Amino acid sequence: MADAITGIDPKAPVRASAEVEVAAPPEVVWALLSDFAGWPAWNPVVSDVEVDGPLAPGTVFRWKTGAATITSPRIAYITHA
């Protein structure tokens with residue numbers, strides 16, 4: 001069952017989480033992270049990204065790394081600082 005706040009299934013076969021402190025304004029970080037098509041420009045392991053709709057909760061996106069295509073089932077939530 002999915003977490004009531006995030007919508008993320010804690011028993012999903014694959015989950016990822018990361019935290020890092022960035023020396024940049026939140027608006028700059030958000031602009032980079034929310035521009036899925038631009039991911040390959042700054043993340044060398046990502047070669048392609050496809051998004052099925054707007055950047056909003058419930059939207060599914062796929063990204064390619066090496067020979068693997070990873071489907072993220074949906075964007076769970078979006079917060080702005």
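Since every read-out is calculated from the coordinates, none of them should be taken as a lab result. Note that the coordinates shown come from a computational prediction; the quantities given were computed from them, not determined experimentally. As a convention, Cβ positions derive from the backbone with ideal geometry for all residues, glycine included, and neighbour counts pool all protein chains shown.
How far apart, in nm, are two points set 7 Å out from the Cα along the Cα-to-Cβ line at VAL22 and at THR69?
Going by the 7 Å Cα→Cβ label model, 2.7 nm.
Could you tally the net charge around ALA37, taking each other residue with its Cβ under 14 Å from the Cβ of ALA37, Lys/Arg +1 and Asp/Glu -1? Numbers along the way, then the final one.
Working: positive: ARG62, LYS64; negative: ASP35, ASP48, GLU50, ASP52.
With Lys, Arg at +1 and Asp, Glu at -1, the net is -2.
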